[in-house]
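Below is one structure, written out as structure tokens; the observations come after it.
Only the coordinates and a few stated rules stand behind these numbers; no lab work does. Since the structure is predicted, the reported quantities are computational estimates derived from the model, not experimental observations. No Cβ is skipped: glycine too gets one built from the backbone with ideal geometry, and neighbour counts run over all protein chains shown.
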Amino acid sequence: MIEWLTKNWLSITVPAVVFLSFFVVAIWARRTVCNYLNELLSKIKWEGREIFLQRIRLSFFQWCLILGAYAAIQVSILSPYGKALTGKILGSIFVISLTWAIINLAEKLLKIYLNKIKALSLLPTNLIINAVRITFVVVGVLILLDIWLIPTTPLVLVLTIGLLVIILASRDEILNIFSGFELARGSLIKIGDYVKLESGEEGYVSNITLRNIQIKSSDDRTILVPNSKFTKTTITTYRKPLKKAIQPFRFYTQLHIKELTGLKARNLSELVSILKDVPDSVVYYHTHHFVEEYQYLTPQPANEFALWVSDVIGDEILAEKLSNIDTFEFSTIGELRERVIAVINEELSTRGDGRTAFEGREFHFIKSVSVILPTPYVAHDLREFVEVLRKVSIDSLYFHIFESRLRLHRGVNDFSIWLQDCLDERDLADKIAVLDPYNYTLEGLRFVIIQLIEERIK
Amino acid sequence: MEKEIFHHPKAKIQDYVPVVGRSTIEELRALAERLSGKVIQNINSTFTGGGVAEILTRMVPLLNQLGVDARWTTIKGNEEFFGVTKKFHNSLHGRKEHISSEDLSLFLEVNKKNVGELIFDGDIIFVHDPQPVALISEKKRFGEKWIWRCHIDVSNPDKRVWEFVRNFVAEYDAAVFSAPNFTQQLPIRQFLISPSIDPLSDKNKELPSEVIDSVFDKYGLDKDKPIIAQISRFDYLKDPLGVIQAFEMVRKSIDCQLILAGGTATDDPESEKVLDEVRERVSGNPDIHILLIPPESDIEINALQRAATVILQKSIKEGFGLTVTEALWKGKPVVASAVGGIQLQVKNKFTGLLCHSIEGAAYAIKRLLSNPEYADWLGKNAREHVRQNFLITRHLKDYLLLFISLYYPSDVIYL
């Protein structure tokens, strides 16, 4: 052994000296480079400085040692084949170390930056980090294969085709993700906004994910809008936070069917006589059904008693008096019935019975049977209320304004009651309560109420 | 006999959204949900021909689409039986018919035979018109509720026939009539449900102007002259001679043309005679066009109605008058006699003009021809009036409400 060392001491010493020299230079260079970088990065106040320097400090030293080993082998007495083999091994170690360092650095930097993006919940941090890891690992593996002279072209081809297939198969998803980034980056919407889409869908934004926006509609449905669609459509956003009602307003609708009573009057005396005894639902029908039947007319024809007296009995004076009965003045059907009877009786006492209706033109007493059922629409605040009001049927509007007020003996419309009791919106409640609904078409009434509320929440 | 396939035009319930609005269809669905689990069995006498079959052909599939289990069954009868029911029909309309006791026995016998053959599988049995009325004898054994739907005007019936039918009707849970003045006093609940038109049918759908122009060309009509049209079958009750007289009064002061278009009923030998009389009366007058329209010409009728400036319906007696509904739906100013169901549709000076005489009709036509803005206003109101009250969607709503209300005695029902 001693003999061998004596004979070959130079062949051992030279590579060892070269390696040690690199070791010393590495310690010096690491300090110098790190100090320089530290100073440089301190000036630009980069938050990734510490992570970057720590990573560089460790890796730089490793790379210097690998370089030292490579140089030592090159000056050694190893055969050309041995030199080439160890060169490849050292090259491979360098590539692995570099890949590891880049992955490690990228992961830590990504965490910093992804945390800084506003809509964090939207971004799948783990997914992005994993994608970066895989990308660098793939690149590292390709370089390693190249070092060991293994053909990489087929692998690159397979990977490219695979990537294309994935992109094509999930192009909608990718569009959604990119749109999601756009949504996250911008200030287009945020959770809690009230949005109205071009398609007519609307509601509060309840969640924003990478793939879609979740909207809670006023009829308690969850609408999922893909991000890509959302960024392309026209949306109206109402951001002003509105006061929530103590109790939500549930919209009902009322539909009615006509039931014949079998009673009919041929003249005014018979009209009064029957009118005294019929149920409230009959009086209600003949003083209200025109509101729906002629909802497109303004002013609407007066009550049916006035119409019949004019068209069939031909007593225009009485017809005018009956037309002039202001239904809005009465809070019960009983009072309204008394008024109609009083007006006809007054006429009978002064001018007698007048004409008798021809056969087939008698006044038929009809009863209104109402079916009341809930709609899916609920409003928790004024914004939701006004948006639902735009789309409920006129039957629903009719129910809350007319039916509740008079037939169900509530004295005032449902909207005003809710606005006052559940939202403390006294002024708005009063403004709607004093509207005389008999002076509007139902669509006209809808428009006026919407305007009043819009004015309030502007 | 169960009908399995309904050859209804392709209309789907969703297709009506642009016509009546989404909320109306939503309400229909909400009502239909309340009938979940109930089977509605319609029973009439035929799957084809006649107004009832036409209504059921459209209504039953739409009810099914809404989720209601509606079915349709017909009774079987021989020619003799339908001969008797035709006489019943005429008698109930007020025409004199000789109905023997053998006829009544045959009627009962066929109904009884059908009781044995029919499968009663409905919770609500909805019987249409007098032909199957005696099936009510099975009320105790089948169904929860029985309804009799009367599609005809029984305001002035032959008393003997009505008494015979009334005995059966009184056993039902409810009866349904088309107009208040079509009814009779009955000891059961009576509902009022007007007929309807289908806005998507060939007779009522929107037409391209080329189709209307082709009808102008086909019948040699002058495009530049206002058109007064009465489109109705040739029948004395439609007063075609009165229409001609009214037109002649108008024509003295306003340059216009008249179209009298319609068909002749195969079961009415009088209609040929009426047509001959009308033709003779107008011979040589180039401004009057008498058009005999073959059956199944719905698009042509639609085009003629749309081409008209004023539509007239000067009936002496009328059922509901769906031809008036069709005219109103097309936004046309209508002049019509104040008879039958026309009064429900034409509210004088709001949705059209009512008349009571030939002179009244002439005066109303002149008012409309010389005031196109007023005519236009009436036409717009008329269309909205039909949209609100006489479309098939309203008919569906009424049927659903009817079925539901049978289970509740009160005037206000909370569901």
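Amide H neighbours of B:Cys355 under 5 Å, at least 5 residues apart or on other chains, H built in the peptide plane: list them.
B:Ala336, B:Ser337, B:Ala338
Within 10 Å of each Cβ in peptide B:346-352, how many partner chain Cβ atoms are there on average? Round it to a whole number, please.
On the way: counts 0, 7, 4, 2, 7, 3, 0.
Rounded to a whole number, the mean comes out at 3.
Of B:Leu118, B:Leu241, B:Leu353, how do they rank once you tally other Cβ atoms within 10 Å and put the fewest first?
Ascending number of Cβ neighbours within 10 Å: B:Leu241, B:Leu118, B:Leu353.
With viscosity set to 0.692 mPa s and temperature to 37 °C, compute the Stokes-Einstein D of the protein assembly as shown, Rh being the Kirkwood radius across alpha carbon pairs; µm²/s, no decimals.
Values: Rh = 34.2 Å.
Diffusion coefficient, whole number: 96 µm²/s.
Averaging over all projection directions, find the projected area of the Cα convex hull of the range B:144-295 and quote it in nm² with one decimal place.
So the Cα hull casts an average projection of 13.0 nm².
Average partner chain C-beta neighbours within 10 Å, per residue of A:248-259? Don't skip to the end; give the middle numbers.
Numbers: counts 0, 0, 0, 0, 2, 5, 3, 12, 7, 13, 8, 8.
Mean shielding count: 5.
Between the DSSP loop rule and a limit of at most 10 other Cβ atoms within 10 Å, which GluC sites (Glu not before Pro) in the range B:288-357 are left?
Hits after loop and neighbour filter: B:Glu296.
Expressed in nm², what is the orientationally averaged projection area of the convex hull enclosing the Cα positions of the range B:92-176?
On the way: hull surface 21.8 nm².
Over all viewing directions, the range B:92-176 projects a mean Cα-hull area of 5.5 nm².
Please report how far the C-alpha centroid of the range A:204-259 lies from that of the range B:256-324, rounded to the nearest whole angstrom.
Centre-to-centre distance over Cα atoms comes out at 53 Å.
Can you give me the C-alpha center-to-center distance between the range A:325-387 and the range B:336-415, rounded to a whole angstrom?
Taking the Cα centre of the range B:336-415 as reference, the centre of the range A:325-387 is 19 Å away.
Could you estimate the translational diffusion coefficient of the range A:189-238 from the Stokes-Einstein equation, with Rh from the Kirkwood formula over C-alpha pairs, at 25 °C and 0.890 mPa s, in whole µm²/s?
Values: Rh = 10.5 Å.
The diffusion coefficient I find is 234 µm²/s.
Given the rule -39500 (n - 2.57) for each run of at least 4 DSSP H residues, summed and divided by the residues of chain A, what is its mean residue ellipticity at 222 nm, to the nearest 500 deg cm²/dmol?
On the way: 17 runs with 272 residues, N = 458.
Result for chain A, helices only: -19500 deg cm²/dmol.
Given Cα positions, please report Rg to Rh for chain A, the hydrodynamic radius being the Kirkwood one.
Details: Rg = 42.9 Å, Rh = 30.7 Å.
Rounded to two decimals, Rg/Rh equals 1.40.
Can you give me the relative contact order of the range B:209-389 as a percent, contacts being Cα pairs under 8 Å and 6 or more apart? Don't skip to the answer; put the middle values down first.
Values: 320 pairs, mean separation 41.2, N = 181.
Reported as a whole number, the value is 23 percent.
Work out the charge dipole of the protein assembly as shown with +1 on the Cβ of Lys and Arg and -1 on the Cβ of Asp and Glu about the Cα centre, then indicate which of B:Val250, B:Ala30, B:Ile124 is farthest towards its positive end.
The Cα lying farthest towards the positive end belongs to B:Ala30.
Can you compute the radius of gyration and Dmax for the range B:209-389, using only the Cα atoms, both in Å?
Gyration radius and largest Cα-Cα distance of the range B:209-389: 14.9, 43 Å.
Return the ratio Rg/(2.2 N^0.38 Å) for the range B:1-122, where Rg is computed over Cα atoms only. Let's see the in-between values first.
Values: Rg = 18.1 Å, N = 122, 2.2 N^0.38 = 13.7 Å.
Ratio of Rg to 2.2 N^0.38 Å for the range B:1-122: 1.32.
Can you show me the helix-derived [θ] at 222 nm for chain B, built from DSSP H runs with n ≥ 4 at -39,500 (n - 2.57) apiece and divided by the number of residues, rounded to the nearest 500. Numbers along the way, then the final one.
On the way: 15 runs with 176 residues, N = 415.
Taken over chain B, the calculation gives -13000 deg cm²/dmol.
Could you name the lysines whose alpha carbon sits less than 23 Å from that of A:Lys232, not counting residues in the same chain fewer than 8 places away?
Those lysines meeting the cut-off are A:Lys118, A:Lys190, A:Lys196, A:Lys216.
By a straight-distance test (C-alpha under 16 Å), which lysines pair with A:Lys108 as possible cross-link partners, with residues fewer than eight away in the same chain excluded?
Leaving aside lysines fewer than 8 places away in the same chain, those within reach of A:Lys108 are A:Lys116.
Please grab the % of Cα pairs in the range A:251-403 that end up more than 25 Å from each other.
36
Count the lysine pairs in the range B:332-415 whose Cα atoms lie under 20 Å apart, taking only pairs 8 or more positions apart in sequence or on different chains.
Value for the range B:332-415: 9.
Could you bin all the Cα-Cα distances of the range B:193-247 into 5 Å bins starting at 0 and give me the percent of pairs in each, rounded to whole numbers?
4, 13, 14, 19, 21, 19, 8, 1, 0
Calculate, in nm to one decimal, what B:Glu163 and B:Arg367 gain on full extension: separation in residues at 0.36 nm each, minus their alpha carbon distance. Could you put the intermediate results ahead of the total?
Numbers: separation 204, 0.36 × 204 = 73.44 nm, distance 4.62 nm.
Gain on extension, B:Glu163 to B:Arg367, equals 68.8 nm.
Under 29 Å Cα-Cα from B:Lys96, which lysines qualify once same-chain neighbours fewer than 8 residues away are excluded?
A:Lys264, B:Lys76, B:Lys86, B:Lys87, B:Lys112, B:Lys113, B:Lys159, B:Lys238, B:Lys273, B:Lys314, B:Lys317
Please list, short to long, the whole-number percent of alpha-carbon pairs of the range B:324-415 in consecutive 10 angstrom bins beginning at zero.
Distribution as computed: 16, 38, 22, 15, 7, 1 percent.
If you average over every viewing direction, what projected area does the convex hull of the Cα atoms of the range B:59-133 give, in nm²? Intermediate results must be reported in sequence, preceding the final value.
Details: hull surface 24.2 nm².
Taking the Cα atoms of the range B:59-133, their convex hull projects to 6.1 nm² on average.
Explain nothing, just compute: Karplus ³J(HN,Hα) = 6.51 cos²θ - 1.76 cosθ + 1.60, θ = phi - 60°, for every residue of the range B:400-409 in order, whole Hz, x for Gly and Pro.
Per residue, the Karplus-derived 3J(HN,Hα) values read 5, 5, 4, 4, 5, 5, 5, 8, 10, x Hz.
Round to the nearest 0.05 the FRET efficiency obtained for A:Lys458 and A:Asn130 when R0 = 60 Å and r is the Cβ-Cβ distance.
On the way: r = 48 Å, r/R0 = 0.80.
After rounding, the FRET efficiency stands at 0.80.
In terms of the ratio Rg/(2.2 N^0.38 Å) built on C-alpha atoms, what value belongs to the range A:218-311?
My calculation over the Cα atoms of the range A:218-311 gives 1.93.
Percent of Cα-Cα pairs more than 11 Å apart in the range B:84-123, please. Write out the running numbers ahead of the final one.
On the way: 527 of 780 pairs.
Value for the range B:84-123 (Cα pairs over 11 Å): 68 percent.
Through the Karplus equation 6.51 cos²θ - 1.76 cosθ + 1.60, θ set to phi - 60°, convert the phi angles of the range B:130-144 into ³J(HN,Hα) values in whole Hz; use x for Gly and Pro.
Once rounded to whole Hz, the list reads x, 3, x, 4, 6, 5, 4, 4, 8, 3, 5, 8, 10, x, 8.
Add +1 for every Lys or Arg and -1 for every Asp or Glu among the other residues with Cβ under 12 Å from the Cβ of A:Ser217, and state the total.
Details: positive: A:Lys196, A:Lys216, A:Arg221, A:Lys391; negative: A:Glu201, A:Glu202, A:Asp219, A:Asp220, A:Glu384, A:Glu387.
Neighbour charge sum, excluding A:Ser217 itself: -2.
So what is Rg over Rh here for chain B, counting just Cα atoms and using Kirkwood for Rh? Walk me through the numbers before you get to the answer.
Details: Rg = 22.2 Å, Rh = 22.7 Å.
Rg/Rh: 0.98.
Can you grab the distance from the C-alpha centre of the range A:44-114 to the C-alpha centre of the range B:149-194, Å, no decimals?
When both Cα centres are located, 100 Å separates them.
With a cap of 15 neighbouring Cβ atoms within 10 Å, and only residues DSSP puts in a loop, list the trypsin sites (Lys or Arg not before Pro) found in the range A:212-261.
Numbers: sites: A:Lys216, A:Arg221, A:Lys229, A:Lys232, A:Arg239, A:Lys243, A:Lys244, A:Arg250, A:Lys258; in loops: A:Arg221, A:Arg239, A:Lys243, A:Lys244.
Sites meeting the loop and neighbour criteria: A:Arg221, A:Arg239, A:Lys243, A:Lys244.
Reported to two decimal places, what Rg/Rh ratio describes the range A:10-168 when computed on Cα atoms with Rh from the Kirkwood expression? Before the final figure, lay out the partial values.
On the way: Rg = 20.1 Å, Rh = 18.7 Å.
Expressed as Rg/Rh, it is 1.08.
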